[in-house]
Amino acid sequence: MKYIYLICIAIVSFSCGNIKAKNQHAVVYEFVNPDKVSLNDKQGTIVTLKNRLESIASNYEVTLNNKQQIEVIVNTDVKLERLHAILTNRGKLGFWECLKHEQLYEFLYDALNNFKLDDSLKTIDEIIKMPANDFGALFSVSVKDTAQITAYFNRKEIRGLLPVNMRNTKFLFGLPDDSQELGVYAVKPTSSGSALVNETHITEARPNYDFLGNPCVSMQMNQKGAQRWERMTAKAHREQSRIAIALNDIVYSAPGVSNGAILGGNTEISGGFTLEETQDLAFVLSSNKRIPKIKFVEALAIND
């Protein structure tokens, strides 16, 4: 009996040694522009963050303190850096109709030849380069010049050069390449300024692999999103245009549509993700709601 007792102790000790203890963290975030965020949106952010934590934490609390900051107390095996990425991701997903270069030729010609950037020794045409590929970008710029380009294309006199029916055109940046160059895309928003298909139309998101074997996030849309996606892809196929797929206003890809309208509301987003990143993005998109911009304030590991 003694031997059985000792064996049981050894087994229990061995098992406990292989159980990975969860860490409890207290993390504080604040809204980037708190005065521009309504109380309803702040409370909605609390709900959305709780939804994101369901899949990665055993116990958690998310509250709004008297400073209107977000306090998160969580038990999780997820590292703090990864937790931060999941919680601060705005979850803003957009499928945009890309405008072609020929649609904006006159605008680009006038914009690039009649004005110069403020506080720069360079002219605008010295900063703008031909895109590295023909995947929907109008042109490319260096990462270090993005702020100047954004300010330039937001000028009232520059916006005034756009055709009347394109005055609400949005300009989005793509992902930087190895040489720190990124594409600039012109996309067409709805009358409300949003993407025709967005995160509110997503009912399910899950990590997957694309046809090249790279990690991606597969998504299923609701009925409204599926109908819009069908119309959108039919138009892209008919006009041989592209659809920019953007996350938090960064274009990850701009595919064309080669086989006609896509039915059923199935699609995916890829862009050099790791498998872990697709898992985290799936958590974010599954909540089908974006949040205002928030930033990290402080974190304290309560126990290890």
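Here Glu181, Glu199 are screened, and the one residue that is closer than 25 Å to Leu108 by Cβ and surrounded by 15 or more Cβ atoms within 10 Å (Cβ to Cβ) is Glu181.
Which one is modelled with the highest pLDDT among residues in segment 80-135 that are part of a loop (DSSP other than H, G, I, E, B) and of a type in the set (Gly, Ala, Ser)? Out of the qualifying residues, it is Gly91. Here Asp35 does not fit the description of being open to solvent by 80 Å² or more (accessible area, probe 1.4 Å) and at pLDDT 95 or above.
Let's see how each residue does on (1) of a type in the set (S, T, N, Q); (2) surrounded by fewer than 19 Cβ atoms within 10 Å (Cβ to Cβ); (3) assigned to a loop (DSSP other than H, G, I, E, B):
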position: Cys216; (1), (2), (3): no, no, no
position: Ala226; (1), (2), (3): no, no, no
position: Ala234; (1), (2), (3): no, yes, no
position: Arg238; (1), (2), (3): no, yes, no
position: Asn259; (1), (2), (3): yes, yes, yes
position: Leu263; (1), (2), (3): no, yes, yes
position: Thr267; (1), (2), (3): yes, no, no
position: Val284; (1), (2), (3): no, no, no
position: Ile291; (1), (2), (3): no, no, yes
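Tell me which of these Ile291 doesn't satisfy, since it passes every other one: (1) over 30 Å from His101 (Cβ atoms); (2) among the β-branched types (Val, Ile, Thr); (3) modelled with pLDDT under 95. That leaves (3) as the condition not met.
Annotation note: Cβ proximity below 7 Å between a residue of segment 159-187 that is at positive phi and a residue that is loosely packed, with under 14 Cβ neighbours inside 10 Å (sequence gap 6+ or interchain) occurs for Gln180/Val143.
Taking the residues in segment 66-79 that are part of a loop (DSSP other than H, G, I, E, B) and touching a residue at least 12 places away in the same chain (Cβ under 8 Å) as candidates, determine which candidate is most open to solvent (accessible area, probe 1.4 Å).
Residues of segment 66-79 part of a loop (DSSP other than H, G, I, E, B): 66-69, 77-79.
Filter again for touching a residue at least 12 places away in the same chain (Cβ under 8 Å), leaving 67-69, 77-78.
Details: Lys67: 151, Gln68: 65, Gln69: 31, Asp77: 62, Val78: 18 Å².
The qualifying residue most open to solvent (accessible area, probe 1.4 Å) is Lys67.
The values are calculated or read from the model by the stated rules, or taken from the named source; none is laboratory data. The structure displayed is predicted, hence computed values, not measured ones. When we count neighbours, we look across all protein chains shown, and the Cβ atoms used for this are built from the backbone with ideal geometry, even at glycine. The area values use the complete protein model at the heavy-atom level, side chains included, leaving out ligands, DNA and RNA. Shrake-Rupley method; radii C 1.70, N 1.55, O 1.52, S 1.80 Å.
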